[in-house]
Amino acid sequence: MLLESQNNEFGAVPSVYVTYARTGGSKSSNELGMRPMQERAYAHRGEQYLLIKSPPASGKSRALMFIALDKLENQGIKKAIIVVPEKAIGASFSDEPLSKYGFWTDWTVEPKWNLCNAPGEDGGKVNSVRSFLDSESKILVCTHATFRFAIDRFGVNLFDDCLIAVDEFHHVSANPDNKLGSHLGEFINRDKSHIVAMTGSYFRGDAEAVLTPEDEAKFETVSYTYYEQLNGYDHLKTLNIGYYFYTGSYVDEILSVLNPDEKTIVHIPSVNSRESTKDKIKEVEHIIDELGKWQGTDPDTGFHLVETSTGKLLRIADLVDDDSTKREQVVSALKSEDTNNDRDFVDIIIALGMAKEGFDWIWCEHALTVGYRSSLTEIIQIIGRATRDAEGKVKAKFTNLIAEPDASEDAVTDAVNDTLKAISASLLMEQVLAPKFNFTLKTPQSQPVDGYDYGDGGYDKDGSNVGFDPNTGQFQIEIKGLVEPKSEEAQRICQQDLNEVITAFVQDKPTIENGLFNEEMAPEEITQVRMGKIVKDKYPVKWTPITGQEGVKFKLRT
């Protein structure tokens, strides 16, 4: 993979281009019907607190089913409560015939206890949570909001001996104003429940920590990387992430990056952003007009039918229209099996706040986003819409269309900041999509690690070695004299949190500004000084200042 600058009519822009081997490994199943990520998570099913970090489409929902069923059967857990951020994602936890693929039982949710679909009983969905806890049933699915209100009304004590599984965990924050984050802190302090947290974003919480360092240290982390997931696909081979700049109105330039022959999700900008024309309905109409001649709507799906200049008939789903009747018809059509079974069912989806996390359209080749998204979590989720594997789909890409900074405008500062953030996002995505590098101390006792390829010459016992595991996408690099972390917490940070630390580093505005524009600033000074401060701030309770001849440094307490 490489980070490169690609030229187009808007000038040179940063682009991450990744090529994968298509080993098929991430889609193979063991004798229990588990894919590699699910098998890895299931191996830690006995943990009271489990954090699963895994990309979109890697099978987190089913992994949770395996773990929850084992906890209910073998670990003394009385109830399993699955908590999702929005009702649409509740469909990911519908009934699954797991025994058909080798598991010892099936996943079954009684319709009335999937509160993402059911209207609720006994006075509403919050009271339905209490009714469920008083019943003989085992599994409940509800939204984050329903769960928060239930805790506010009934208290955390009522959930003793329950499994609380939080999907899309990056919605949680350690900020006291985040209710779900506060409630999770209460559960951890009480220590009477099991918690499984799942996230497809490697930048959990963005600027805000998801959990306090003390609470997060209690979680066993299972990581399955983007590299492992994408490298193990059968069909998808390349992924490109690019940033394109425009002047004027984006709707006049959108065909420069929107190819009608590619299955595309277009996310138009928020009406509050500087890229918006402040009329989202007209923006959609303009995009459709740029694509071709409108031929009416499909009476069965509500999709717009648009004929291009080449005679191709496009089927376009509009998720922006505020008319609830029209939008519900389109949403219902996109939930049908035809969406993923028939490649030609829909060609382009235009959305604003929808079609992000939890939305599954395997044929999507291009995620086109207008306007910079301040949340790196949101960017990860949008990119995940295009990284599903599907027959005949060999490439995918994410494009961020951003207004070019104009010194004549009052908003030039915001424009420059957006450009810097776009560069930061490129650097972060390069980190996430690359293989993982593990650095180890070279000693006379060092031995080759099983599963690693050390090249044509094999493992050199007297020299340093670089090994690569093609199945996991991990490099093992031996270094003589390497100083390794001494405490368990420092080891955990290096093994599990490096992406989060790097995220904080490249989101640090002084770091980006000095790195790009200050020619007198030595790179070593940026990494050592700024990174040291960032790590100290991120893990405040773990550091002790020490003063020496070179000034104040910070040492991780053991």
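Any residue at all in the range 293-315 that's surrounded by fewer than 19 Cβ atoms within 10 Å (Cβ to Cβ) and closer than 20 Å to Thr369 by Cβ?
We begin by selecting, within the range 293-315, every residue surrounded by fewer than 19 Cβ atoms within 10 Å (Cβ to Cβ); these are 293-300, 305, 307-313, 315.
With closer than 20 Å to Thr369 by Cβ added as a condition, the list becomes none.
No, there is no match, as no residue in the range 293-315 is surrounded by fewer than 19 Cβ atoms within 10 Å (Cβ to Cβ) and closer than 20 Å to Thr369 by Cβ.
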Restricting to the range 85-132, and then to whatever is charged (D, E, K, R) and crowded, with 16+ Cβ neighbours inside 10 Å, can you tell me which residue is farthest from Glu39 (Cα to Cα)? Lys125
What are the residues in the range 292-333 that are assigned to a strand (DSSP E or B) and small (Gly, Ala, Ser), if any? Gly296, Ala317
What's the number of the condition Ile151 fails, among (1) among the β-branched types (Val, Ile, Thr); (2) under 19 Å from Ala91 (Cα atoms); (3) without any contact (Cβ under 8 Å) to a residue 40 or more places away in the chain? (2)
What pairs come up if the first residue lies in the range 283-296 and is under 24 Å from Asn272 (Cα atoms), the second is exposed (fewer than 14 other Cβ atoms within 10 Å of the Cβ), and their beta carbons are under 7 Å apart, counting only those six or more places apart or on different chains? Glu290/Leu255
Could you please give the count of residues in the range 19-69 that are aliphatic (A, V, I, L, M), crowded, with 23+ Cβ neighbours inside 10 Å and closer than 25 Å to Leu239 by Cβ? 4
Counting only residues that are out of contact with any Phe, Trp or Tyr (no Cβ under 8 Å at 6 or more places or on another chain), over 30 Å from Ser28 (Cα atoms) and either part of a helix (DSSP H, G or I) or not assigned by TED's automatic domain parsing to the domain that holds Gln447 (or both), the range 471-526 contains a total of 20
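For (1) in a strand (DSSP E or B); (2) at pLDDT 85 or above; (3) under 21 Å from Ala403 (Cα atoms), each residue gets a yes or a no:
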residue	(1), (2), (3)
Val210	no, no, no
Thr221	yes, yes, no
Asp234	no, yes, no
Tyr243	yes, no, yes
Leu258	no, yes, yes
Glu262	no, yes, no
Ser273	no, no, yes
Ile288	no, yes, yes
Can you pull out the helices (runs of 4 or more DSSP H) entirely within the range 55-167 that have at least 3 residues that are out of contact with any His (no Cβ under 6 Å at 6 or more places or on another chain) and over 30 Å from Gly384 (Cβ atoms)? 125-134, 144-154
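The values are calculated or read from the model by the stated rules, or taken from the named source; none is laboratory data. Remember, it's a predicted structure, so these values are computed and weren't measured experimentally. Cβ sites come from the backbone with ideal geometry, for glycine too, and all protein chains shown count toward neighbours.
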